[in-house]
Amino acid sequence: MIERRLIMLPCDEGFHDILNGSLPVDFDGSQCVVQRAGSGLLETVSFEAAIEYALGGEYDEIDDDEGEEQK
């Protein structure tokens, strides 16, 4: 029997693939979309905030988090 649930948890296989398979609901094309370190959730931010995200080190934390999950 296939297990069916209404809620997926971050620890469930495929959670981030499904979650990140579509843009956030508030995205209107004038913002940037970033993946937050720790949660892995996509978030719409301004262009300036996206630059800070990339240059401020949070983007690098995403790679670190994924490397730890694979170990």
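The values are calculated or read from the model by the stated rules, or taken from the named source; none is laboratory data. Quantities reported herein were computed from a predicted structural model and do not represent experimental measurements. Cβ sites come from the backbone with ideal geometry, for glycine too, and all protein chains shown count toward neighbours.
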Condition check for Gly21: of a type in the set (Gly, Ala, Ser) and at pLDDT 80 or above: no
Being in contact with a Ser or Thr (Cβ under 9 Å, 6 or more places away or on another chain), modelled with pLDDT of 90 or more and not in a loop (DSSP other than H, G, I, E, B) is the filter here, so list the residues in the stretch 24-43 that pass it. Cys32, Val33, Val34
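For the stretch 51-67, which residues satisfy the criterion of being modelled with pLDDT of 55 or more and in a helix (DSSP H, G or I)? Let's see the steps before the verdict.
If we filter the stretch 51-67 for residues that are modelled with pLDDT of 55 or more, which is where we start, we get 51-64.
Matches in the stretch 51-67: Ile51, Glu52, Tyr53, Ala54, Leu55, Glu58, Tyr59, Asp60, Glu61, Ile62, Asp63, Asp64.
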